[in-house]
1. Going through the range 73-95 one residue at a time, which ones are under 12 Å from the mean Cα position of the chain (by Cα) and either aromatic (F, W, Y) or within 12 Å of H38 (Cβ to Cβ) (or both)?
2. Looking at the range 82-101, can you tell me whether even one residue there is away from the ligand (no atom under 14 Å from the Cβ) and among the aromatic types (F, W, Y)?
3. Among all residue pairs at least 6 apart or on different chains, which show Cβ distances below 6 Å where the first residue, located in the range 79-105, is farther than 15 Å from A27 by Cα and of a type outside the set (A, V, I, L, M, F, W, C) and the second is more than 12 Å from the ligand (Cβ to nearest atom) and part of a strand (DSSP E or B)?
4. Can you tell me how many residues in the range 1-42 are within 12 Å of the ligand (Cβ to nearest atom), under 28 Å from S109 (Cβ atoms) and hydroxyl-bearing (S, T, Y)?
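Computed from the coordinates by the stated procedures, all read-outs in this text should not be read as laboratory data. Computed from a predicted model, the values in this text were never measured in an experiment. With ideal geometry, Cβ positions are generated from the backbone for all residues, glycine too; neighbour counts draw on all protein chains shown.
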Amino acid sequence: MARTLFEKIIAKEIPASFLYEDELCVAIRDINPQAPLHALIIPRQMIAQLSHAKTEDQALLGHLMLVANRIAADAGYGNAFRLVVNNGAEAGQSVFHIHVHVLGGRPLSWPPG
Ligand code: 5GP
């Protein structure tokens, strides 16, 4: 199966602005930011989308949320930020390697588009 864009970014074959890395995931700045802080938390393990996650992925998925906390806090937006996971093309997913968007630094209205 062809490797995803995010696998190539994780392998440093495609450049990106890294905010954080650990043994389970990386955090990079989105190339097309929708807020002053727009990070993507990406697990090293390839799961195409959230609806493909399995019970054994539970700890990994929780880890991504805790890393998101840290990214938001480090950027100074620890009290007001939003996490987004687009699942499926019709929900806006364009890269089929699961990732959590972290958005902060501007008012975030509801409902989202
Ligand atoms: P999705 O639409 O799948 O939820 O989110 C994919 C995100 O990846 C988009 O917000 C898009 O701007 C971002 N993106 C696409 N290509 C690249 C890239 O080459 N580098 C970085 N840093 N972000 C990218």
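1. Result: R82, L83, V84.
2. So far as the range 82-101 goes, no, none of its residues is away from the ligand (no atom under 14 Å from the Cβ) and among the aromatic types (F, W, Y).
3. Sorted first by the residue in the range 79-105, then by its partner, the pairs are G105/L37.
4. Residues flagged as within 12 Å of the ligand (Cβ to nearest atom), under 28 Å from S109 (Cβ atoms) and hydroxyl-bearing (S, T, Y) within the range 1-42 amount to 1.
Residues are listed down the side, and each one gets a yes or a no for (1) of a type in the set (A, V, I, L, M); (2) loosely packed, with under 13 Cβ neighbours inside 10 Å; (3) at positive phi:
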site: E56; (1), (2), (3): no, yes, no
site: A72; (1), (2), (3): yes, no, no
site: V84; (1), (2), (3): yes, no, no
site: Q93; (1), (2), (3): no, no, no
